[in-house]
1. For the range 22-44, give me each residue that is open to solvent by less than 60 Å² (accessible area, probe 1.4 Å) and part of a helix (DSSP H, G or I).
2. Can you tell me which condition Lys297 does not meet? The list is (1) more than 23 Å from Pro68 (Cα to Cα); (2) within 22 Å of the chain's Cα centre (by Cα); (3) open to solvent by 60 Å² or more (accessible area, probe 1.4 Å), and all the others hold.
3. Please verify whether Glu171 is surrounded by fewer than 23 Cβ atoms within 10 Å (Cβ to Cβ), of a type in the set (D, E, K, R) and touching a residue at least 60 places away in the same chain (Cβ under 8 Å), treating the condition exactly as stated.
4. Give the number of residues within the range 51-61 that are open to solvent by 30 Å² or more (accessible area, probe 1.4 Å), at pLDDT 90 or above and either in contact with a helix residue (DSSP H, G or I) (Cβ under 8 Å, 6 or more places away or on another chain) or of a type outside the set (Phe, Trp, Tyr) (or both).
5. I want to confirm something. Restricting to the range 267-286 and keeping residues that are farther than 19 Å from Arg313 by Cα and of a type in the set (Asp, Glu), which single residue is farthest from the chain's Cα centre (by Cα)?
6. With the condition kept exactly as written, say whether any residue in the range 305-312 is surrounded by fewer than 23 Cβ atoms within 10 Å (Cβ to Cβ), under 21 Å from the mean Cα position of the chain (by Cα) and in a helix (DSSP H, G or I).
7. For the range 84-113, enumerate the residues that are modelled with pLDDT under 80, buried (at least 16 other Cβ atoms within 10 Å of the Cβ) and under 30 Å from Tyr56 (Cβ atoms).
8. Restricting attention to the range 323-352, report how many residues are at pLDDT 70 or above and either open to solvent by less than 40 Å² (accessible area, probe 1.4 Å) or touching a His at 6+ places or on another chain (Cβ under 8 Å) (or both).
Amino acid sequence: MTTEGAGVETSRAGWHPDRLKERREACGLTLQVASERLREAAAQAQLKGISASPLYTMQKHEQGEIYPSLHYRRAYCLLYRETESALGFRTALPGEDTSFMLLQAAEHLPDAHVTAVERVINRIVPGREENNDVALQQRLIGAWGSRDAGDISHKPVVILVGGYAGSGKTELARFIAQVTGWPLFDKDPLTRPLAEGLLVALGGEANDRHSDLYQKKVRPLEYDCLIQSAMVSIRCGISAVLCAPFIAEFTDAARMQLITDQLTSLGAEIFPVWVRCDEKSIHENITFRASARDEWKLRNWSEYIATIDSGLRPAVPHLVIDNRLGYAVSLVDRARQALAAARTPSAPAEDDKFS
């Protein structure tokens, strides 16, 4: 078995390529039509790496000669409105409902996308009273229902989305910002020009993210910029979503208390979120995004992965979003599909058969 692109695994436990063909035929699609629909779904979701004419590649997928790369799998899930496990790309996660459907038969109704997004929020943020997850779930659904970024009837909320590089935290943070209307402060685009310029000025390399120079001289400034940005938003009574690894912060109760004190002193509620992912998916995500700042990680993968603790959990109360094997990101893709469908209600009637 081979894959598209170098550096991607050659097989996956639980892969059943025959299910792709079965699902396509159940939808009444020829391979030609399915390839056109797949390309359209990928373009709408802004997924890269999909061929302009993917028919031949899709045929190889169905025959089991090529294991689909990351964005092909995401596009298939959008096309057929299924999870990766239901399409036979992997073994289901413990407790995963492979029969879960985002949209119901009434998806053509005007408010169907509202229910679809709420169902995804319920999936990735389960309402467990003992962990206080239900408070965050209710705030997200409330913000989605009103699409009111100010929301002056509640304290402003700051959601800290953390996780290892390649865990999927950026996709999930963007989704939270999209459904709530709250501003997103992502450490990388927010501080990258500053960090790269400072590293070079100090005699280092612009893409360094592992040396003592970066860790001791630059990283603290990046996180200070991030927290200060959130404080500006809070002072305006507006909630915010912060996205960064937060590994040192989440695992140090004293450091996290300092951040919490800074934000709560302005009247905000704090919700740390940890994105859980598996090593294989992390490697695939990092490889696929091909960022210059990840070059050291990929060249020294054994050394880098030794620093990752798959069982790590924040030392403070937090929510865990399970994105092992891309599960949570797949749900997010489908929620965005529902939003796009709501903006273009004149979609072809034959799309109903994919519900």
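The values are calculated or read from the model by the stated rules, or taken from the named source; none is laboratory data. Computed from a predicted structure; not experimentally measured. Neighbour counts run over all protein chains shown; Cβ positions are idealised from the backbone, glycine included. We work out accessible area using only protein heavy atoms, side chains counted, and drop any ligands, DNA or RNA first. Shrake-Rupley method; radii C 1.70, N 1.55, O 1.52, S 1.80 Å.
1. Those that are open to solvent by less than 60 Å² (accessible area, probe 1.4 Å) and part of a helix (DSSP H, G or I): Arg23, Arg24, Leu31, Val33, Ala34, Ser35, Arg37, Leu38, Ala41, Ala42.
2. Result: Lys297 fails condition (3) only.
3. Taking the combined requirement at face value, the residue satisfies it.
4. As a first pass, look at the range 51-61 and keep what is open to solvent by 30 Å² or more (accessible area, probe 1.4 Å): 51-53, 55-56, 59-60.
Imposing the further condition that a residue be at pLDDT 90 or above reduces the set to 55-56, 59-60.
Pick out the ones that are also either in contact with a helix residue (DSSP H, G or I) (Cβ under 8 Å, 6 or more places away or on another chain) or of a type outside the set (Phe, Trp, Tyr) (or both) and you get 55, 59-60.
Counting residues in the range 51-61 that are open to solvent by 30 Å² or more (accessible area, probe 1.4 Å), at pLDDT 90 or above and either in contact with a helix residue (DSSP H, G or I) (Cβ under 8 Å, 6 or more places away or on another chain) or of a type outside the set (Phe, Trp, Tyr) (or both) gives 3.
5. So the residue we want is Glu269.
6. Initially, the range 305-312 is screened for residues surrounded by fewer than 23 Cβ atoms within 10 Å (Cβ to Cβ), giving 305-312.
Of the ones still in play, those that are also under 21 Å from the mean Cα position of the chain (by Cα) are 305, 308-312.
After this cut, where a residue has to be in a helix (DSSP H, G or I) as well, the list is 305.
Checking the range 305-312: at least one residue is surrounded by fewer than 23 Cβ atoms within 10 Å (Cβ to Cβ), under 21 Å from the mean Cα position of the chain (by Cα) and in a helix (DSSP H, G or I).
7. Within the range 84-113, Leu102 is the sole residue that qualifies.
8. Selection size over the range 323-352: 16.
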